[in-house]
Amino acid sequence: MKITAVKLAEMIGATVEGNPDVIISSPAKIEEAGPGSITFLANPAYEHHLYNTGASAVLVSLDFAPREPVKPTLLRVADVYGTVSNLLAVYKQDEAAQTRRAVSAHAAVEDTATLGDNVRIGKFSVVEQGAVIGEGTVILDQVYIGPNVTIGKDCVLYPGVRVLRDCVLGDNCVLHANVVIGGDGFGFAPDPETGRYNKVPQIGNVVLHDRVEIGASTTIDRATMGSTVIHSGVKLDNLIQVAHNVEIGENTVIAAQAGIAGSAKIGKNCRIGGQAGIGGHCTLADGTQVQAQSGVINNITKSGAKLGGSPHMHYPDYLRSYAVFKNLPSVVNKLRKDIAELRRQIGQ
Amino acid sequence: MKITAVKLAEMIGATVEGNPDVIISSPAKIEEAGPGSITFLANPAYEHHLYNTGASAVLVSLDFAPREPVKPTLLRVADVYGTVSNLLAVYKQDEAAQTRRAVSAHAAVEDTATLGDNVRIGKFSVVEQGAVIGEGTVILDQVYIGPNVTIGKDCVLYPGVRVLRDCVLGDNCVLHANVVIGGDGFGFAPDPETGRYNKVPQIGNVVLHDRVEIGASTTIDRATMGSTVIHSGVKLDNLIQVAHNVEIGENTVIAAQAGIAGSAKIGKNCRIGGQAGIGGHCTLADGTQVQAQSGVINNITKSGAKLGGSPHMHYPDYLRSYAVFKNLPSVVNKLRKDIAELRRQIGQ
Amino acid sequence: MKITAVKLAEMIGATVEGNPDVIISSPAKIEEAGPGSITFLANPAYEHHLYNTGASAVLVSLDFAPREPVKPTLLRVADVYGTVSNLLAVYKQDEAAQTRRAVSAHAAVEDTATLGDNVRIGKFSVVEQGAVIGEGTVILDQVYIGPNVTIGKDCVLYPGVRVLRDCVLGDNCVLHANVVIGGDGFGFAPDPETGRYNKVPQIGNVVLHDRVEIGASTTIDRATMGSTVIHSGVKLDNLIQVAHNVEIGENTVIAAQAGIAGSAKIGKNCRIGGQAGIGGHCTLADGTQVQAQSGVINNITKSGAKLGGSPHMHYPDYLRSYAVFKNLPSVVNKLRKDIAELRRQIGQ
C-alpha cells in the first residue's frame, strides 16, 4: 500500500505538518525507519530519535512541541497509540489476504464435517467427523480439529494447533501455533493398596467464547465433567497452563508461562503476570492483579486486589517486607549490637 | 449408553432409593446436570446442589443422610469417587472406540517398521524405519515416530506427539498432544578462547516404562549417553521439562510446568507441585513432597520430606518464617521502639 | 564405526595404556558401559566406577593416577570433556547421515520457494511461497516454513517446528521439535470504555543469527515492528518464552522454562537459570548471571553481576538474607527475649 502523507492523514483524521506529498509504504520503528516508512512518537523517552530518524512521516500527539527541527512530515492525532494500532491492522489485513486459500488438496476433511462459506483449510490439516467450522474461519497448515468440535466465525488457527474432540470455540478467536485445546485434565486417584494411580477419565470439554486469543504452545485441558470455560475477550500469552474445570472471566489478560490449577475461577478484567501460579479451586474476584512469579493459594474476595509473593500477600506489603529482607543480616546485627550495648550499660 | 437406574445399580453394586426405572444416558456435574444424567455427591460442600439438581440420579455414599427432600434417584455405594471413575471410564471407552481406525491412507509408514495387531495410525502420521509398535496401540493424527523407536502395547499417542529416534515406550502409556520425547539434552561445552559454546552431542535415548502418562506439550530430553528413564506409573502434567539423564521413580506424580534439571534422580511415590524446580544432579528420596514454585537444590536423603521455598527448606519451617516475613517491617519497628524505650529509661 | 584403541588414540591424539588392539564400537556412560564401548572419567566423584566398568576403553586426563588396578585400556588426553565431545560428534554425524533424504514426495513445497543444494524436506512438511532455504539444511517431517521465510545453510529443523512468515534464520541453526518462531507478540491496547482489549497487530519478524540452537517447544514471538533478534551462538533450552522485540546477545545461554518479557535486551555471554524471569524493557549487561527461579525487574548496568531472588538482588546477598530468613522465628524470639530480660533487669 503506497499512499501520500496527505491521503493517509485524511484516512486517519490527522493534521499535516511538512511535505504532504511524501510517499508512505510501510510502518517501522522510529530508530530503524527509512525513506517510505511511517513511524510514531508517543513515549517522550524516545523523543531524541525524532531528530535523527530516516522515516518519511511520524505520528505525534496534537500537543507535541518539538525542541529541535524535524525533517519528516508530522501527522498530528489525538490518540497516537490507537492510530498506530489501526494503521498496523490495515497492513496486517493485507498480509492475511495473501495467505487465504480454499480447502487444500493436501487436507483431510471428513464427509460428516460441515464447513461454512469462505472457510480455508491448510495443508496436512485434519477435520474429523462431525466438526462444524463457521464462515470465514482460516485454518492454516498441519492443524488438528477433532471429532464434533465446533468453531465459530472468522477465527484463525495457526499451524500445529490441536483442538480435541467436543471442544467449542466462539467467533473471532485466534489460536497461535502449537496451542493444545482439550488435552485430558490431570486427574488420577491413588490406589491405597498398590500406591499406583488410576486415571479419572476426563469426559468434559473446553469452551472458548468470542474474541479469545491464545499464545503459542499454551495448553487448556478439558474438564473432568462439564466444561473448562474461557469467556469473551480473554487474552492468554504463550506457554500458559490452564487446568481442567478452570473458568476465566471476560477480558482477563494472562502473561506467559503462568499456570492456573484445577477448578480455579478467575474473575473478569484480571491481570495475571508471567510465571505466576493460581492454586486449585481458588476464586479470584474481578479486577484482581497478580504480580509475576507470585502464587495465589486461596480465595480473593475483594475486587481489585494487588497480590505478590508466594504464598501471596498484598503486593505493596510484600515489597515493604522484601525491602527489610534485603538488609536482614545488617538489620538483625544492629538490633543485637544495640541490645549488647544496653546490657553493657546496665552492667555498669 | 441408555440404561435404567436399577440396571446401572446392578452393574456398579449400588442400592437404589427412589424411582428405579428412570433412564440414564450420560454423566454430568451436579450443578449442570439435567434429565437423563447421573451425577455424584462426595464433598459435603456441594450438598446444597443436591436439592436443586436436575439430574435423574445421584451417586452418594452408604451413610449419607440428606437434610432435605431429594428428587433424583439415589444410588448408594461404598466408594463414591471410585465408582464415578469407573463410570466415566465406561463412557470414555465408548468414545475411544469411535476414533479407532486402521492405518490411514494419509499416513507414511516405512517398510522396515513393524506394526502389531490392531495398531491404528492416523492421518499425516509418520512411522520411520525400524520402528516397532505393539498391538492395540493407537497413534492419532500428525504424530511422528522416529527411526528405531519401540512402543509397547495399548498406548495412545495424541495428535502432534513427537517420539524421536531410538526412544522406548512401555505398555499402556498415554502421550497427550504435542508431547516431545527425545529432544536433545542441553549440553554445551564453553570454548574458553572464543567464548562460544560447542555442542556436546546427545546420543542416548528416553525410556518410558509401563503406564506412564504425559501431559500436553511436556518435553523429555534424551540422555547424553545412556537413558533418561521414567519408571512405571509415573504421571506428568502439561508443559513439564525433564532434562537429559533424569530418572523418575515409580508412581511419582508431577504437576504442570515443573522442571527437572539434568541428571536429577527422583524417587518413587514423590509428589512435585506445579512450577517447582529440581536442581541438576539432585537425588530425592522416595515419597518426597515438593511444594509448588519451590526450588530443590541438593540431595534429599530422608524419605517423605516436605519441602518449600527457593532454595528449599522444610516446608512447615518455610511457612513459619514466611509468617514473620509478612509482618517484617512492623516486627522490626517494634523491636527498635522497645530498644529505644529501654535506652531512654536507662538514660534517666 | 569399529576401530582399535590404538587407531582411535591416533585420531584423538591420546596416549595408550593397556591393550592397544581392543575393538571399540560405541560410546557409553561409565556405569553402563559394556565390552566394545568407550567411556570417560573426568569428575573424581565417579572414580570408583572405573574399577568396575565393563568398558573396553576409558578416556582419562594426562595426570590421572588410578588408586586400584584398571582393566580397560586407558587413553590419556589433555582435555577429557573436549575429546568426549568430539567423539560423540563423530557418532552423531553417522546418525545424521542416515536420516538425510531428498525432498519427500509427501512434502508440499510451493513453486516460488527456493531450495539450495542438498536440502532435505521431510514428510508432511510445508514450505510456503517465497521461502528460501540454504544449502545442506535438513527439514525433518511435519515442519512448517511460512511465506517469505529465509533459512541459512546447514540448519536442522526437527519435526513439528513452525517458522512463521518473514522470519530469518542464519547458518548452522538447530531448532528442536515443536519450536515456534514468529508467533504474534502479546500486544493489546485496552479500550477504556468497554474494558475490552484491541489487538495491536504484530508485523515485525524474528531474526536468528548463526549457530543458534533452540530447545523443544520454546516459543519466540515476532516483533510488533522491527525484529526480535537472537544473536550468533545463543543456546536456548526447552519451553522458554521469548517475547516480542527482545534482543539476546552472542553466546548467551538460557536454561529451560525461563521467560524473557517484551523488549528486554540481554547482553552477550549471559547465563540465565531455569524458570527465571526477565522483566519487560530490562537491559542486562554482558556476562550477567541470573539464578534459577529469580526475577530481574530493572536494568543491570554492571557487567558480570550475579543476581538472585524475586525481585532480584545481588545473589550472595540474597543467600545471606535467606540464611537469616530460614531461622526468622527463632531470631526474632531471641531478640524479644533479650529485650524482656533487659526490661526486667531495669525494673529491678
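The values are calculated or read from the model by the stated rules, or taken from the named source; none is laboratory data. What you are looking at is a predicted structure, and each value in this text was computed from that prediction instead of being measured. Backbone-built Cβ (ideal geometry, glycine too); neighbour counts: all protein chains shown. When the accessible area is computed, the model is the full protein with side chains, heavy atoms only, and any ligands, DNA or RNA have been set aside. Shrake-Rupley method; radii C 1.70, N 1.55, O 1.52, S 1.80 Å.
Which percent of the accessible heavy-atom area of the protein assembly as shown goes to carbon and sulfur, probe 1.4 angstrom?
Ligands and nucleic acids excluded, carbon and sulfur reach 51 percent.
Once R0 is set to 56 Å, what does the formula 1/(1 + (r/R0)^6) return for the Cβ-Cβ distance between residue B:289 and residue A:15, expressed as a FRET efficiency to the nearest 0.05?
Efficiency at R0 = 56 Å is approximately 0.30.
Leaving out ligands and nucleic acids, note down the accessible area per residue over chain A with a 1.4 angstrom probe, in whole Å².
Value returned for chain A: 39 Å² of accessible area per residue.
Just to be sure I understand: if you take the accessible area of chain C alone plus chain A alone and subtract the pair, with a 1.4 Å probe, what total do you get in Å², rounded to 100?
Buried surface at the C/A interface: approximately 5100 Å².
Over chain A, calculate the relative contact order: mean separation of alpha carbon pairs under 8 Å at least 6 apart, over the residue count, as a percent.
Computed over chain A, the figure is 6 percent.
Using only the Cα atoms of chain A, build the gyration tensor, take square roots of its eigenvalues as a ≥ b ≥ c, and label the shape rounded, prolate or oblate: rounded if a/c is under 1.5, else prolate if a/b is larger than b/c, else oblate.
oblate
Please report, ordered by residue number, every helix of chain A (full DSSP H runs) that is 20 Å or longer along its axis going by C-alpha atoms and whose mean Kyte-Doolittle hydropathy reaches -0.5.
Those that pass (Cα extent of 20 Å or more, hydropathy at least -0.5) are A:80-99, A:328-347.
Can you give the FRET efficiency for residue C:52 and residue B:81, using 1/(1 + (r/R0)^6), R0 = 35 Å, r = Cβ-Cβ distance, to the nearest 0.05?
With R0 = 35 Å, the Cβ-Cβ based efficiency is 0.10.
In nm, give the distance between the simple-model label positions of residue A:319 and residue A:45, each being 7 Å from the Cα along the Cα-to-Cβ direction.
Reported label-point gap for residue A:319 and residue A:45 is 1.6 nm.
Compute the separation of the alpha-carbon centres of segment C:39-88 and segment B:132-201 and state it in Å as a whole number.
Value for the Cα centre distance between the two parts: 30 Å.
At residue C:306 and residue C:31, where each label point lies 7 Å from the Cα along Cα→Cβ, what is the point-to-point distance in nanometres?
2.8 nm
What are the distances, in nm and sorted shortest first, from the label point of residue A:112 to the label points of the same position in each other copy, with each label point placed 7 Å from Cα along the Cα-to-Cβ direction?
Computed spacing set for this position: 4.0, 4.0 nm.
Of C:113, C:177, C:55, which has the largest mean-square fluctuation in a 10 Å C-alpha GNM of chain C?
Residue with maximal mean-square fluctuation among C:113, C:177, C:55: C:55.
Per DSSP H run of at least 4 residues, take -39500 (n - 2.57); add these up for chain A, divide by its residues and hand me the 222 nm value, nearest 500 deg cm²/dmol.
-6000 deg cm²/dmol
Could you pull out the pairs from C:199/C:268; B:265/C:235; A:306/B:326; A:265/B:235; A:302/C:326; A:326/B:302 whose alpha carbons sit more than 21 Å apart here?
C:199/C:268; B:265/C:235; A:265/B:235; A:302/C:326; A:326/B:302
Measuring nothing but label to label, 7 Å from Cα along Cα→Cβ, what are residue C:346's distances to the other copies in nm, shortest first?
For residue C:346, the inter-copy label distances come out at 0.8, 0.9 nm.
Working from the pairwise distances between different alpha carbons, so that the mean of 1/r is found and then inverted, what is segment A:151-284's Kirkwood radius in Å?
14.6 Å
Identify all lysines with a Cα-Cα distance to residue B:7 below 24 Å; exclude those on the same chain that are fewer than 8 residues away in sequence.
Candidates past the 8-residue exclusion: B:29, B:71, B:92.
Near residue C:54, within a Cβ-to-Cβ distance under 10 Å, what is the net charge of the other residues, with Lys and Arg +1 and Asp and Glu -1?
Combined, the nearby Lys, Arg, Asp and Glu give -1.
Under a GNM of chain B (C-alpha, springs under 10 Å), which listed residue has the highest mean-square fluctuation: B:318, B:46, B:144?
Sorting by GNM fluctuation, first place goes to B:46.
Whole Å is fine, so just give me how far the alpha carbon centre of segment B:322-348 lies from that of segment A:206-233.
51 Å
What does the copy distance list look like for residue C:66, label position 7 Å along Cα→Cβ, in nm and ordered from shortest?
Those separations, rounded to one decimal, come out as 7.9, 7.9 nm.
Compute a Gaussian network model of chain C, connecting alpha carbons closer than 10 Å, and tell me which residue from C:284, C:307, C:62 fluctuates the most.
C:62
Tell me, what is a quarter of the convex hull surface for the C-alpha atoms of segment A:34-178, in nm² with one decimal?
Approximately 10.9 nm², given one-decimal rounding.
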